1. Based on what the data block shows, is ALA79 within 17 Å of the chain's Cα centre (by Cα) and surrounded by 18 or more Cβ atoms within 10 Å (Cβ to Cβ)?
2. How many of the residues in the stretch 6-31 are under 14 Å from ASP116 (Cβ atoms) and part of a strand (DSSP E or B)?
3. Can you name every one of the helices (runs of 4 or more DSSP H) wholly within the stretch 108-190 that holds 1 or more residues which are modelled with pLDDT of 85 or more?
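The values are calculated or read from the model by the stated rules, or taken from the named source; none is laboratory data. All of these numbers come straight from a predicted model, not from anything done at the bench. Note that each Cβ is placed from the backbone with ideal geometry, even for glycine, and that neighbours are counted across all protein chains shown.
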Amino acid sequence: MGEIRFLSLMPDEEAHWLRCRLTHVHLHVQKYRPASFKALSYCWGREDPEYPIVIFHESKCEEPMHGRRLSISENLYQALKQLRSESEDVVIWADQVCINQNDDDEKTSQVMVMRDVYQTASSTLIWLGPAADNSDEALSLIPKLLPAPYYQVWYDLFTVLKRDWFYRVWITQEVAVSPHATVLCGDMEF
């Protein structure tokens, strides 16, 4: 109990394929887990994953033919593309990749440690999806806390709050136990 996988997004200046490494670690043994990792809170979206990422084994990550393709949901794919750095690995935990979705026993056991994952993460990234429907305008409202009736901006904010993420059952646990949560919508974050 407590063994999980972390996903390392490999850097790419050209914005090509999403290349990743999966690392098995024991969550409760600090010397084996990354110094810092981020947990991703997001909505899967459609059930049939069709967006490919390439997963490499630790020792063969530079040899393209040793990568294994894995299809993920469009929403997770967009989040990973947004999070990928041009210069360094980004270590995250995302359930769709870090839990074997074809193994019911593993899924059951991993649900038991999800609280620990979000609690141990350096931060929780809340992916609302790409920017759309004036979401930039709406999200800029939150830090300002406008007291006046700016109807269009409030309407834009309510449009953002109707996104699927806000209707997920797990968000309370994912955000409540996280030491720091960051909301991402397109390239805007706060």
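1. yes
2. Here the count works out to 3.
3. Values: elements: 114-120, 135-144, 151-161, 171-176.
It comes to 114-120, 151-161, 171-176.
Listed here are the residues, each with its yes/no results for (1) in contact (Cβ under 8 Å) with a residue 60 or more places away in the chain; (2) closer than 22 Å to ARG46 by Cα; (3) among the basic types (Lys, Arg).
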{"site": "SER85", "(1), (2), (3)": "yes, no, no"}
{"site": "VAL90", "(1), (2), (3)": "yes, no, no"}
{"site": "LYS107", "(1), (2), (3)": "no, yes, yes"}
{"site": "VAL113", "(1), (2), (3)": "yes, no, no"}
{"site": "SER122", "(1), (2), (3)": "yes, no, no"}
{"site": "CYS185", "(1), (2), (3)": "no, yes, no"}
